[in-house]
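**Student:** Sharing a structure with you now.
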Amino acid sequence: MPFSRRSLLAALAVFPTFAQAQSGFDAWVSSFKSRARSRGIRQDWLDVAFANVRYNSDVVERDRNQAEFNRQIWEYLDLVVSDSRVSNGREAYRRQLNTLGRIEATYGVPANIVAAIWGMESAYGTRRGDVPVIEALATLAYDGRRGRFFETQLMAALRILQAGNVAPAQFTGSWAGAMGHTQFIPTSFEAYAVDFDGDGRRNVWSDDPTDALASTASYLSRFNWRRGVPWAVEVLLPRTFDFSQSDRSVSRMPSEWAQQGVVGTNRQPVPDYGSAGILTPAGASGVALMTFANFRTIERYNNSEAYVMGVGHLADRIAGGGPFVASWPRGDRSLTSEEAADMQRRLNAMGYNAGPVDGKPGSQTRSALRNWQRNVGLPADGRPSLLMLRYLRG
């Protein structure tokens, strides 16, 4: 297809930028190699590792333009705990049952939890990433937005190569350098990966997921996974429940929660597995969970409550459990910045001190909303939502 004059000029305008980036990148790599040699990376491995490495503009673009989806928790769970992911997970679990059983016996982490992380991270090994790890990490270290972090990961990646854990041609992962079936970053690989199949390598890249699954269990075990304790249990809350107590920092034994009317979906007290907090991710109108210490352990793998709920719920479904009993408020949604500012303005006008009108409803706004809800006879969950704004608008 012939270029128009405008498109040709645009293409030519981009070229020097890329050429300059490549030139700067080459100079940075040269400097980095010197630092790597001083830290014990041999020249022959540096030659192999950087043989075909180029500045990868796609990696930089993805790092700078990560989409920030404002999904509701139920939309996220619909995606990560879909019917297909559950059925594929049950099949993958059956295929790896013996391996997962040995891993559970060794590390104490339930097989379905390990399988769920496998599903969340790489769709049971089908999406492990095909970006060269050295190229991705070197590009991101040179780019500088999180240069120190990525240079640390790059140095660890070189040590992984030099130790013979993976052949250079197989050393691929995500655009950000996460690797293998369960997406370890290089420093986590060094600290927690294991050679479970006994072949002398900690190979999380192989089509055989054994080492990757065991490494995930090793990671969770090192962060104090508690045997026999669930990640969370769905509970029913009494109509009089004080939602200011719906905070994972408010911790009580399940028997103490039962004295306040908080019980399992079978309407019986939850067993005393250990101290627990209450999580209501959609406020008063959705699922309520009693969370235990293992919730925090999964959170060490990915510091996101939504991610932990995805792993935990997928694990329960893989093990044969059903959907959550409570329904989600699917007709409701989060507020836009303009709507949040309107909520803050209205609460302030009524004397509830929602803080600055900045469109960012933080703890002060939630506290003000909770006080207003309590005074007008609504469940005081303090959750800013379109429904609450409509109530405030009258």
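**Student:** Let me spell out the model: positive unit charges on the Cβ of Lys and Arg, negative unit charges on the Cβ of Asp and Glu, origin at the Cα centre of the chain. What dipole size does that give, in debye rounded to 20?
**Tutor:** So the dipole magnitude of the chain works out to roughly 700 debye.
**Student:** Can you tell me the length gained on complete extension of the stretch Arg90 to Gln364, counting 0.36 nm per residue apart and subtracting the Cα distance?
**Tutor:** 94.2 nm
**Student:** Give me the Kirkwood hydrodynamic radius of the stretch 314-368, using the inverse of the mean 1/r over all pairs of distinct Cα atoms, in Å to one decimal.
**Tutor:** After inverting the mean inverse Cα-Cα distance, the result is 13.5 Å.
**Student:** Right, here's the next one. Over all pairs of distinct alpha carbons, what does the Kirkwood formula give as the hydrodynamic radius of the stretch 33-99, in Å?
**Tutor:** Value: 17.1 Å, from the Cα pair sum.
**Student:** Follow-up question, since we're still on this one. To the nearest 0.05, how large is the calculated FRET efficiency for Val250 and Arg393 if R₀ is 41 Å and r is the Cβ-Cβ distance?
**Tutor:** About 0.85, to the nearest 0.05.
**Student:** Take the solvent-accessible surface of the protein heavy atoms, probe 1.4 Å, and return the percent of it on the chain that carbon and sulfur atoms account for.
**Tutor:** Heavy-atom surface of the chain belonging to carbon and sulfur, 1.4 Å probe: 47 percent.
**Student:** Now for a different question. Which cross-chain or sequence-distant (5 or more) residues have an amide H under 5 Å from the amide H of Phe184, H modelled 1.01 Å from N in plane?
**Tutor:** Residues meeting the amide H criterion: Met179.
**Student:** A further question on this structure: In sequence order, what are the phi-derived ³J(HN,Hα) couplings for the stretch 102-114 according to the Karplus relation 6.51 cos²θ - 1.76 cosθ + 1.60 with θ = phi - 60°, rounded to whole Hz, with x for glycine and proline?
**Tutor:** Each residue's phi maps through the Karplus curve to give 5, 5, 4, 5, 7, 10, x, 9, x, 4, 6, 5, 4 Hz.
**Student:** Here's a follow-up. Classify the stretch 229-300 as rounded, prolate or oblate from the Cα gyration tensor: take a ≥ b ≥ c as the square roots of its eigenvalues, call it rounded if a/c is under 1.5, otherwise prolate when a/b beats b/c and oblate if not.
**Tutor:** oblate
**Student:** While we're looking at this one, here's another question. Please compute, over every Cα-Cα pair in the stretch 20-155, the percentage with a separation greater than 24 angstrom.
**Tutor:** For the stretch 20-155, the share of Cα pairs beyond 24 Å comes to 53 percent.
**Student:** Something else now. Take every Cα-Cα pair in the stretch 101-163 and report what % of them are more than 16 Å apart.
**Tutor:** Of the Cα pairs, 63 percent sit more than 16 Å apart.
**Student:** Right, here's the next one. Counting only heavy atoms of the protein chains, get the accessible area per residue of the chain (1.4 Å probe) and round it to a whole Å² value.
**Tutor:** 50 Å²
**Student:** Against the globular-protein guess of 2.2 N^0.38 Å, express the Cα radius of gyration of the chain as a ratio, rounded to two decimals.
**Tutor:** The chain yields a ratio of 1.17.
**Student:** What per residue convex hull volume, in Å³, comes out for the stretch 118-253 when only alpha-carbon positions are used?
**Tutor:** Convex hull volume per residue, Cα atoms: 162 Å³.
**Student:** In nm, give the distance between the simple-model label positions of Arg300 and Gln268, each being 7 Å from the Cα along the Cα-to-Cβ direction.
**Tutor:** 3.2 nm
**Student:** Nearest 0.05, what FRET efficiency do Asp208 and Ala51 give at R0 = 22 Å with Cβ-Cβ as r?
**Tutor:** 0.20
**Student:** I'd like the Karplus ³J(HN,Hα) series for the stretch 193-200: coefficients 6.51, -1.76, 1.60, θ = phi - 60°, whole numbers in Hz, and an x wherever there's a Gly or Pro.
**Tutor:** Coupling constants for the stretch 193-200: 5, 10, 9, 7, 8, x, 8, x Hz.
**Student:** May I ask which residue of Gly228, Leu369, Ala105 lies farthest towards the positive end of the charge dipole of the chain, with charges of +1 (Lys, Arg) and -1 (Asp, Glu) on Cβ and the Cα centre as origin?
**Tutor:** Looking along the dipole axis, the top candidate is Leu369.
**Student:** Val263's amide H: which non-local residues (gap 5+, or another chain) put their own amide H closer than 5 Å, with H modeled 1.01 Å from N in plane and none for Pro or chain starts?
**Tutor:** Here the answer is Leu236, since their amide H atoms fall under 5 Å of that of Val263.
**Student:** Between Ser38 and Asn224, how high is the FRET efficiency from 1/(1 + (r/R0)^6) when r is the Cβ-Cβ distance and R₀ = 22 Å? Nearest 0.05.
**Tutor:** 0.05
**Student:** Principal axes first, then extents: for the Cα atoms of the stretch 273-370, list largest minus smallest coordinate on each axis, whole Å, largest first.
**Tutor:** Here the spans come out as 51, 28, 22 Å, largest first.
**Student:** Okay, moving on. Points 7 angstrom from Cα along the Cβ direction at Asn65 and Arg127: gap in nanometres?
**Tutor:** 1.9 nm
The values are calculated or read from the model by the stated rules, or taken from the named source; none is laboratory data. Values in this document were obtained by computation on a predicted structure and should not be read as measured data. We place every Cβ from the backbone using ideal geometry, glycine too, and count neighbours over all the protein chains shown. Surface areas here come from the heavy atoms of the whole protein model, side chains and all, with no ligands, DNA or RNA. Shrake-Rupley method; radii C 1.70, N 1.55, O 1.52, S 1.80 Å.
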